[in-house]
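Participant: Here it is, the structure, as structure tokens.
Just so it is clear, none of the values below were taken in a lab; they were calculated from the coordinates. Remember, predicted model here, so these are calculated numbers, not experimental data. For neighbour counting, all protein chains shown are included, and Cβ atoms are generated from backbone atoms with ideal geometry for every residue, glycine included.
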Amino acid sequence: MHNTAEDIKQVFLSQIDQKVKDVNGHAGHVGLKLREYARTSFDQGSFPTRKDEDWKYTSVKAILAEEYNGASKSEFTCSIPDQFEATTLCFLNGVLVTNDEHKTKVANGGEDNTAAYVSSGSQEGFFAGSLSVAMANPELKETLSSSVDKICNTPMGIFESMGLGINEDPVCIVIPDNAQVSKPIHLIYATDSKDGATASHPYALIIVGKNAKAEIVESYLPQADNGVYYTNTASRIFVGANGHLDHYRLQVEGKEAFHTAQSTIHQDRDSTYGVYIAELGGKLMRNNIHVSHDSENITSNIYGLFVVQGSQHMDTQSFIDHAKPHCLSNELIKGVLHDRGRGVFNGKIIVRPDAQKINAYQHNAALVLSPDAVMDSKPQLEIFADDVKCSHGATIGQLNPDALFYLKTRGLSDDAAKTLLKNAFLKDVIDHFPNRDIALYFESYLEKKLTQISIKNATEKAIS
Amino acid sequence: MLNIRDLHVAVEDMAILKGINLEIKPGEVHAIMGPNGSGKSTLAQVIAGKDEYEVTSGTITYKNEDLLDLEVDERARAGIFLAFQYPVEIPGVSTAHFLKSIVNAGREGRGEDELSAVEMLKLLRSKTQMLGMDQKFLSRALNDGFSGGEKKKNEILQMAVLNPKLAILDETDSGLDIDALKIVADGVNAMRNNDNAFIVVTHYQRLLNYIEPDFVHVLYNGQIVKSGDKSLALKLEEKGYDWIKEEVASATV
Ligand SMILES: Nc1ncnc2c1ncn2[C@@H]1O[C@H](COP(=O)(O)OP(=O)(O)OP(=O)(O)O)[C@@H](O)[C@H]1O
Ligand SMILES: [Mg+2]
């Protein structure tokens, strides 16, 4: 049994040490450098408590209290969506699935691209596969080393360093300079925890080259009969000069799941990065997004929605660091809270003295539909430059009673009318998704969740 | 069909309707006129089921059932429709999606199957055409940024697809130009039959040239103070409400 935070840390540290030893043998020094940096960062860090300002509303005690010994990797379905065509990589318990048994399942309706490398000479060329395979490729070596150097020169938080330290082999996506990847690259993550609590640590290194354009979708999908499990995911994203990455994140983890996510985005000049998020599943979710504008004329878009029911807890943290002039950031996070659900939004924007003529917009809006649901919203804007356009705000409200009445006078039941209005509230976020087909994919999961809530409410009403 | 007996309604302890009596039979059209603030919209909203208004005494029966016992949506599915004086703007809900949902909710209430996509399209197309409305209208968000006239037409479109038994039109003609007015009136007249009934709330006799009422009532200060046939509307148009107010004043002295 481990009790203290220090004991728990030692358990994870010994897992990292084991991995460092394994890697030392075969994967070359770049992978080792990353893992050793992760080990050092993890060793120097400590798990947050609610005394830490940024963790005031979210306790990680429950995550750390579990022992993650489950190792089952048997049953697995990789649900490939029919709304859009993609290059798909499936992960089970954080590990890229490569064996034949799983391949056939993956092949059902989709394709297995554990290493979908096409020569960088072609317009469509890109690499999507494991980091160890990528590093063995001489064409990718230089790009990877310079990104790894950058990662090892920036501070790494406790969860990211844990994930990078323990992960078997991070996934790596490289879009070469000038490549325009037409199909989205879809990373589907599933966890099997039937044989006991499982922790998985998906780690992604995403590099979009100069003038290159790509779409990446991450889906965290539920599996049937899942018990307690923990997904600790992190990505490092590099978007080269004038590059463009649209990054989608659909989180529909199982009911008993813990989920922590960290994305760190490094953008070069004239680049665009957009992240489009739906947080629907899990018991406790924390998402950290860190965008730094260290060059001019960068655009970053963050559009996210979440829905909580029961005692779900969802915490979104974003930090946008405007350090250079002529940049733009847009952020809109919307949530709908039911039952005893809890939502947290902590959005920080810093506009540094050099960041003249930037525009930064941030808004957080929540519908709190139950007296026991709580939303804590903390938009923070710190401006040290004088010639900028910035706005931020938070609104917390209920459904408009006049709209509800209007809809019901047309014969819609109370639940149907509410579902329609909630959908309308959140659609505002989905309307910003640049890819219509991916938006439909997200909408299908959103609708499923809102319908479940509506049926649950109707049944409860019928009983009482 | 609808029977209102001695209806008293208050909002926040302020009496608004003070003893309304009104009986409406299938096939009839009743016009309700009256000065601003006399309680016309309140009466319409109470029939539709707005719970902000408290019925302090009196009864409303609809098809021999206690209407006040039904939820708002149950009333709608039982065939009551209110065209709002001020339709509510609902951003984010597409008009087409909304119309499909309400048609299917009504069908489900009657134990009928949902309309197929093709049948639904046909229905929406024929009704928008009948009302001289652009198809583009359907892809816009419900009433969001609609002009006054567009909102009113949209109310009539909803009425047309739902085909109610009792339709209450609360000042649907206000703000319409004469062409739009004719189209709206044609829409109503096309629906009229021996099974359904209309309550038409209006300030303007002009509408009643196109939708001929069987009865005209004057609502004043929370009561129906005068009823007659369509000639009453002409008289009101010509002479205003002062003579009625005087009649009421002298009757209470
Ligand atoms: N929700 C409310 N709260 C307070 N007062 C109200 C409310 N609704 C109506 N009233 C008051 O009740 C009275 C009747 O209003 P109502 O809207 O029914 O009048 P109306 O006859 O429809 O007027 P108009 O011709 O201007 O549409 C008015 O004095 C109005 O201010
Ligand atoms: Mg009125």
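Participant: So if we plug the beta-carbon distance of B:N194 and A:E382 into 1/(1 + (r/R0)^6) with R0 = 45 Å, what FRET efficiency do we get, rounded to 0.05?
Facilitator: According to the calculation, E is roughly 0.05.
Participant: DSSP beta bridges in the protein assembly as shown, what fraction antiparallel, as a percent rounded to 5? Walk me through the numbers on the way to the answer.
Facilitator: Details: 30 of 178 bridges.
Among the beta bridges of the protein assembly as shown, antiparallel pairing accounts for roughly 15 percent.
Participant: Checking the table A:K427/A:K456; A:K9/A:K348; B:K127/B:K245; A:K449/B:K100 against a 32 Å threshold on Cα-Cα, which pairs fail? Spell out each step's value before the answer.
Facilitator: Details: A:K427/A:K456 22 Å; A:K9/A:K348 29 Å; B:K127/B:K245 42 Å; A:K449/B:K100 21 Å.
Those over the limit are B:K127/B:K245.
Participant: So for A:F405, B:F137, B:F198, fewest C-beta neighbours within 10 Å to most, what's the order?
Facilitator: On the way: A:F405 20, B:F137 16, B:F198 25.
Listing A:F405, B:F137, B:F198 from fewest to most nearby Cβ atoms yields B:F137, A:F405, B:F198.
Participant: Using the number of other C-beta atoms within 10 angstrom as an exposure proxy, rank B:M14, B:M191, A:M156, A:M135 with the fewest first.
Facilitator: Working: B:M14 7, B:M191 15, A:M156 25, A:M135 20.
Arranged by neighbour count, lowest to highest, B:M14, B:M191, A:M156, A:M135 become B:M14, B:M191, A:M135, A:M156.
Participant: OK, next. At a Förster radius of 60 Å, what calculated FRET efficiency corresponds to the Cβ-Cβ distance of A:T4 and B:E52, to the nearest 0.05?
Facilitator: Working: r = 57 Å, r/R0 = 0.95.
E between A:T4 and B:E52, to the nearest 0.05, is 0.55.
Participant: Cα centroids of the range B:96-147 and the range A:333-399: how far apart, whole angstrom?
Facilitator: Using only Cα atoms to place each centre, the spacing works out to 37 Å.
Participant: With a 4.7 Å Cβ cut-off, tell me which Cys residues in the protein assembly as shown come up empty for a partner.
Facilitator: A:C152, A:C172, A:C327, A:C390
Participant: Could I ask something else about it? At 222 nm, what helix-only mean residue ellipticity would the protein assembly as shown give, in deg cm²/dmol to the nearest 500, using -39500 (n - 2.57) for each DSSP H run of four or more?
Facilitator: Working: 19 runs with 233 residues, N = 717.
Value at 222 nm, helices only: -10000 deg cm²/dmol.
Participant: Longer than 20 Å from Cα to Cα, which of A:K56/A:K378; A:K56/A:K150; A:K422/B:K152 are they? Say none if no pair is. Don't skip to the answer; put the middle values down first.
Facilitator: Details: A:K56/A:K378 11 Å; A:K56/A:K150 30 Å; A:K422/B:K152 25 Å.
Violating the 20 Å limit, Cα to Cα: A:K56/A:K150; A:K422/B:K152.
Participant: For the protein assembly as shown, max minus min Cα coordinate along each principal axis, in Å, sorted largest first?
Facilitator: Over the protein assembly as shown, Cα extents along the principal axes are 104, 54, 52 Å.
Participant: Moving on. Could you work out the mean projected area of the convex hull around the alpha carbons of the range B:135-253, in square nanometres to one decimal?
Facilitator: On the way: hull surface 35.6 nm².
Answer in nm², one decimal: 8.9.
Participant: With charges set only on the Cβ (+1 for Lys and Arg, -1 for Asp and Glu), what does the dipole of the range B:2-252 come to about its Cα centre, in debye to the nearest 20? Please report the intermediate quantities before stating the final value.
Facilitator: Numbers: 28 positive and 39 negative charges, 140 e Å.
Once rounded to the nearest 20, the dipole reads 680 debye.
Participant: Could you please rank A:E296, B:E246, A:E253, placing first whichever residue has the fewest other Cβ atoms within 10 Å of its Cβ? Don't jump to the answer; show the numbers that get you there.
Facilitator: Working: A:E296 17, B:E246 10, A:E253 26.
Least crowded to most crowded, the residues run B:E246, A:E296, A:E253.
Participant: Another question, then. Among B:G79, B:G222, B:G132, which one shows the highest mean-square fluctuation when chain B is modelled as a Gaussian network with alpha-carbon springs under 10 Å?
Facilitator: Per the Cα network of chain B with a 10 Å cutoff, B:G132 tops the list.
Participant: While we're here: In nm, to one decimal, how far is the A:K255 label point from the A:Q356 one, both placed 7 Å along Cα→Cβ?
Facilitator: Between A:K255 and A:Q356, the simple spin-label model gives 5.9 nm.
Participant: In whole Å and largest first, what semi-axes does the C-alpha gyration tensor of the range A:197-246 yield when each eigenvalue is scaled by 5 and square-rooted? Let's see the in-between values first.
Facilitator: Values: eigenvalues 194, 27, 5 Å².
Square roots of five times the eigenvalues give 31, 12, 5 Å.
Participant: While we're on this one: Mind pulling the angle between the C-alpha long axis of helix B:148-162 and the longest principal axis of chain B? Nearest 10 degrees, somewhere in 0 to 90.
Facilitator: Approximately 70 degrees, to the nearest ten.
Participant: Separate question: Relative contact order for chain A: what is it in percent, counting Cα pairs under 8 Å that are at least 6 residues apart?
Facilitator: Working: 1127 pairs, mean separation 45.6, N = 464.
Normalised by residue count, the contact order of chain A is 10 percent.
Participant: Under the definition of Cα pairs under 8 Å and six or more residues apart, what whole-number percent is the relative contact order of chain B? Don't skip to the answer; put the middle values down first.
Facilitator: Details: 419 pairs, mean separation 69.4, N = 253.
Relative contact order, chain B: 27 percent.
Participant: Output the Kirkwood hydrodynamic radius of the range A:335-464, Cα pairs only, in Å rounded to one decimal.
Facilitator: Details: mean 1/r = 0.0583 Å⁻¹.
Computed over Cα pairs of the range A:335-464, the Kirkwood hydrodynamic radius comes out at 17.2 Å.
Participant: A further question follows. Measuring from the lowest to the highest alpha carbon on each principal axis, how far does chain B reach, largest first, in angstroms?
Facilitator: Over chain B, Cα extents along the principal axes are 64, 39, 35 Å.
Participant: A:V20 versus A:D177, label points 7 Å from Cα toward the beta carbon: distance in nm?
Facilitator: Label at A:V20, label at A:D177, 3.6 nm between them.
Participant: Related question: Let a ≥ b ≥ c be the square roots of the eigenvalues of the Cα gyration tensor of the range A:401-464; is it rounded (a/c under 1.5), or, if not, prolate (a/b larger than b/c) or oblate?
Facilitator: On the way: a/c = 3.36, a/b = 1.62, b/c = 2.07.
Note, shape of the range A:401-464 comes out oblate.
Participant: Once the cut-off is 12 Å, how many percent of the Cα-Cα pairs in the range B:186-236 end up in the long-distance tail?
Facilitator: Result for the distance tail: 67 percent.
Participant: In the range B:2-252, with Lys and Arg counted as +1 and Asp and Glu as -1 at Cβ, which of these residues, B:G132, B:N194, B:V72, has the Cα nearest the positive end of the dipole, that is, farthest along it?
Facilitator: It is B:G132.
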